[in-house]
Amino acid sequence: MIDLAIIGGGPAGYVAAERAGAKGLSVILFEKKELGGVCLNEGCIPTKTLLYSAKVYDTAMHGDKYGVDAKSATFDFSKIVDRKNKVVKKLVAGVGAKMKGHKVTVVKGSAMITGRGAEGVEIECNGEKFSAKNLLICTGSEAFVPPIPGVKEAGDIILTNREILALTEQPKKLVIIGGGVIGMEFASFYNSLGSEVTVVEMLPEILGGLDTEMSAMLRDVYAKRGVKFNLSCRVTEVKGKEVVYVDKDGKTSSAVGDKILVSVGRRAVTSGFGLENLGVELFKGGIKVDNKMRTNIPNVFAAGDVTGFSLLAHTASREGEVVVNNLTGRNDVMRYDAIPGVVYTNPEISGVGLTEESAKAKNIPYKVAKLPMAYAGRFIAENEGGVGLCKVLVGEKHGEILGVHMLGNPSSEMIYGACMAIEQEMTLNEMQEVVFPHPTVSEIFKETVFSF
């Protein structure tokens with residue numbers, strides 16, 4: 001009898017498998033594609049690899065700012081893609097090695113839940129039957145393509161995050177439907193390489209859900225670099241390579257691209273693996289869970305994008321850990337107050353906790369302080385003429401850290417400190433006593449805290 005069966009080998013699944021194996025549980029992990037899931041194969045890792053190549057090229061092209069003349073620099077798109085593939089292959093192999101090292105049985109194939117037997121959950125895969133005391137569902141999410149007239153007829157002109165990563169030739173013109181994280185990261189990549197990029201976004205600002213001030217500043221940066229933004233615009237039709245949209249005043253316009261990226265969101269994968277055979281309850285398109293990641297069915301858990309709540313790899317990994325901790329005797333619950341979000345554009349946006357918009361919506365009294373990143377000497381040294389901002393929100397009464405948001409490089413490597421501050425409910429006074437290394441860009445956090 002297997003202690004834990006896991007369906008899906010993404011960040012929730014493989015991290016849970018690793019943790020469970022390390023704690024002595026017998027674990028079987030089913031994955032129909034490649035270990036690592038969307039994040040490692042079609043999302044986080046390949047996109048960041050591409051973006052780093054673009055960043056290197058950007059740095060070379062603007063080397064004169066630092067006294068280095070490298071304007072003759074060129075790039076080879078095929079080699080950039082080859083490097084992306086090499087990085088993904090290496091990391092997938094690394095996950096496989098971890099599974100082997102922790103004695104996790106990995107089965108490659110489409111698992112199907114057939115029901116509950118006397119000894120546990122029954123699963124079939126590749127013609128073989130398996131029984132497990134506990135089941136963790138980590139089937140992830142998939143790109144949502146809305147039923148826009150003409151999308152199906154456009155064929156391979158239409159791309160999602162999966163197809164755009166498989167391109168072997170750079171499109172000269174790219175139209176992006178959706179100005180969220182995925183859309184903006186690909187806008188950043190292709191803009192850096194010289195493609196003509198147009199973004200069509202239905203909301204009044206890009207990167208909905210993030211701090212609006214940071215989003216607007218980033219949009220301004222990319223608008224100056226040539227990216228065309230059409231905000232508050234609803235796409236009504238696709239005619240081959242042409243995207244037709246209507247603005248808030250009812251005016252119809254269009255944009256033409258060699259390729260069209262549809263990045264309007266993702267949805268949980270809840271079908272195709274026999275979930276209905278257990279009677280698991282769904283909620284808002286995902287599997288309903290409590291703060292211990294338990295479903296309504298005993299000994300059946302869910303983690304990651306399939307819950308439809310926080311579609312981030314690091315959230316998924318932590319949710320998987322919560323499941324394993326509770327299975328092995330540690331009382332653990334999932335908390336979402338300190339989940340960081342990062343947009344890996346150049347410059348980056350990173351944030352955690354409440355934004356001003358969300359604090360107002362929840363009627364939470366707060367105070368806010370903000371400083372340009374230029375208050376940190378290291379930022380000036382490494383980001384000549386760069387745009388940057390740090391914003392800190394604290395509770396009005398007790399001064400507890402409620403939210404931290406940053407625009408500027410390398411905010412993605414700094415935001416974890418703010419996560420810890422929120423998780424530990426630190427106050428302004430406590431943060432002021434923390435010693436930051438000098439000179440670092442991270443000092444901007446402390447400088448902002450002292451500016452209240």
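The values are calculated or read from the model by the stated rules, or taken from the named source; none is laboratory data. Everything quoted here is computed from the prediction, not taken from an experiment. Note that each Cβ is placed from the backbone with ideal geometry, even for glycine, and that neighbours are counted across all protein chains shown.
Here are the numbers for this structure:
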{"item": "Residue in segment 330-339 that is in contact with a Gly (Cβ under 8 Å, 6 or more places away or on another chain), surrounded by fewer than 18 Cβ atoms within 10 Å (Cβ to Cβ) and closer than 19 Å to Glu423 by Cα present", "result": "yes"}
{"item": "Test: residue in segment 223-234 that is more than 30 Å from Cys390 (Cα to Cα) and surrounded by fewer than 17 Cβ atoms within 10 Å (Cβ to Cβ)", "result": "yes"}
{"item": "One residue from Ile123, Ile158, Ile137 being more than 19 Å from Leu275 (Cβ to Cβ) and surrounded by 19 or more Cβ atoms within 10 Å (Cβ to Cβ)", "result": "Ile158"}
{"item": "Residue count, segment 372-414 (criterion: farther than 17 Å from Pro439 by Cα and assigned to a helix (DSSP H, G or I))", "result": "1"}
{"item": "Conditions (1) assigned to a loop (DSSP other than H, G, I, E, B); (2) under 30 Å from Val56 (Cβ atoms); (3) in the same structural domain as Ala20 (by TED's automatic domain parsing): number failed by Asn346", "result": "(3)"}
{"item": "Scan of segment 76-117 for residues that are assigned to a loop (DSSP other than H, G, I, E, B) and in contact (Cβ under 8 Å) with a residue 24 or more places away in the chain, ordered by number", "result": "His102, Lys103, Val104, Gly109, Ser110, Ala111"}
{"item": "Checking Ser192 against (1) closer than 26 Å to Thr355 by Cα; (2) touching a Phe, Trp or Tyr at 6+ places or on another chain (Cβ under 8 Å), the condition it does not meet", "result": "(1)"}
{"item": "Residue in segment 306-324 that is surrounded by fewer than 20 Cβ atoms within 10 Å (Cβ to Cβ), of a type outside the set (Ser, Thr, Tyr) and in a strand (DSSP E or B) present", "result": "no"}
{"item": "Phe452 surrounded by fewer than 23 Cβ atoms within 10 Å (Cβ to Cβ), in a loop (DSSP other than H, G, I, E, B) and without any contact (Cβ under 8 Å) to a residue 12 or more places away in the chain", "result": "no"}
{"item": "Qualifying positions in segment 226-242 - under 26 Å from the mean Cα position of the chain (by Cα) and either touching a residue at least 40 places away in the same chain (Cβ under 8 Å) or over 16 Å from Gly183 (Cα atoms) (or both)", "result": "Val227, Phe229, Leu231, Val235"}
{"item": "Selected residue [in the same structural domain as Ala313 (by TED's automatic domain parsing), among the hydrophobic types (A, V, I, L, M, F, W, C) and closer than 30 Å to Phe301 by Cα] from Ala20, Ala70", "result": "Ala20"}
{"item": "Exclusive hit being under 24 Å from Arg378 (Cβ atoms), of a type outside the set (Gly, Ala, Ser) and without any contact (Cβ under 8 Å) to a residue 40 or more places away in the chain, set Val435, Val441", "result": "Val435"}
{"item": "Residue, surrounded by the most Cβ atoms within 10 Å (Cβ to Cβ), within segment 366-388, restricted to residues that are over 18 Å from His405 (Cβ atoms) and not β-branched (Val, Ile, Thr)", "result": "Arg378"}
{"item": "Residue under evaluation Ser110, criteria (1) surrounded by fewer than 18 Cβ atoms within 10 Å (Cβ to Cβ); (2) within 20 Å of Glu321 (Cβ to Cβ); (3) of a type in the set (Gly, Ala, Ser); (4) under 27 Å from the mean Cα position of the chain (by Cα), criterion not met", "result": "(2)"}
{"item": "The listed residue being in contact with an Asp or Glu (Cβ under 9 Å, 6 or more places away or on another chain) and at negative phi, out of Val246, Val256, Val235", "result": "Val256"}
{"item": "Subset of segment 73-92 (residues that are surrounded by fewer than 12 Cβ atoms within 10 Å (Cβ to Cβ) and over 16 Å from Thr168 (Cα atoms))", "result": "Thr74, Lys90"}
